[in-house]
């Protein structure tokens, strides 16, 4: 980072008709040679959670050796370029599910509490770890947190004595306040960057037909801003705005493609049909959210428990959830491992995007704490023991990578949550059934 004599407020926005586009951290936001400059340049802590459903084939997930020299397992090999930023954790458990194993898996993953049995509107769990972080980090940003998914929410009862809410989200603002996951990239984009001052559907549709970018409405503000930016900041601004426009254009292409495929149906524009395209578009939206500091907490569900998604692009035509009840069938186990590797391959794309995005004196990957994992290990047994968890990112200087840390079989997953919250400056004493922090992390 170059410390300059010019100073822009960190929360500078490009404002246009109905939109306010945040900016990445620019050199001009760091005051020159003042006591404030060191504070302004301090890395910003960010938290991301990526959840995968239905368990994982643990024999293909778990590294064979514990310790400081991480050797990636078959499922994790797509992450090889990021080994120095990875920590695999084994031995953590979520607690015994007495009923509704899938609902417990997803609900307990971040809350540390099993869901209260319910098939109606009255649901109860606990505040999730991401929302504890959002309470601390949220006042600094436009959005306290962002919750996104690749699958739309279901309706009806999805597990034994359990509302579908328990499998549709992993984020809970309060014990009775589940946060909905948005699966439509257009809706996510507009939540981040706005749409227009009017809520008239006809006006919104007209704007979409004109294919106008939100950047068109802030063009004059961009021109004015460039007059006070140095060459380095001007280049950063161009790179960021190009990324915003690229995501917009990809969303538009997805909507047009959907319209061509199903011309006779009235439906909202939805996500891409291709899983990789859909996942990467959602990951790019998360990068933009972090880059513009619109939020510092993002929770992402790759799939909901009971997901019946198929993956024809990798030759897996059987539905995911039935496959997870593999009964040790080698064919099904091989298919499940292919699905997990496919998920991890998309994660590798995300890590590369984070690593390639400058942030202060490093990159977004340097400053994020990213938790990737599942609420059960073996899907066939619905096991809550030895959960598959990997941490990625530098945690703004608090995480060391390249390790496989193995803990005792009775170590609560909530100990991880306490440890990560401590690293983000939230010295909470207890969370869920935590018994302390994770040694060595």
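We did not get these values from a lab; they are worked out from the coordinates using the rules stated. Computed from a predicted model, the values in this text were never measured in an experiment. So basically every Cβ, Gly included, is an ideal-geometry build from the backbone, and we count neighbours across all protein chains shown.
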Residue-span extension gain [residue 121 to residue 429] - 0.36 nm each, minus C-alpha spacing
107.7 nm
Please order 300, 82 by the number of other Cβ within 10 Å, starting at the fewest.
82, 300
Between residue 252 and residue 334, Cβ-based FRET efficiency (R0 56 Å, step 0.05) works out to 0.90
Descending packing, highest mean Cβ count within 10 Å first, for 387-394, 100-107, 121-128, 423-430 is 100-107, 387-394, 121-128, 423-430
Calculated P(r) of region 312-391 - Cα pairs past 14 Å, %
70 percent
Normalised Cα Rg of region 59-168, dividing by 2.2 N^0.38 Å with N its residue count, works out at 1.35
Taking the alpha-carbon set of region 91-134, what are its Rg and Dmax in Å?
11.0, 35
Restricting to Cα pairs below 8 Å that are 6+ residues apart, what does the relative contact order work out to for region 341-393? Please round to a whole percent.
27 percent
Here the averaged projected area of region 384-441, based on the convex hull of its alpha-carbon atoms and given in nm², is 4.1 nm²
Based only on other Cβ atoms within 10 Å, what is the fewest-to-most ordering of 290, 349, 407?
349, 407, 290
Exposure proxy check: 118, 274 ranked by fewest other beta carbons within 10 Å?
274, 118
Taking the simple approach of a point 7 Å from Cα along Cα-to-Cβ for both residue 223 and residue 154, what is their distance in nm?
5.4 nm
Stretchable slack from residue 349 to residue 314, in nm (0.36 nm times residue separation minus alpha-carbon distance):
10.9 nm
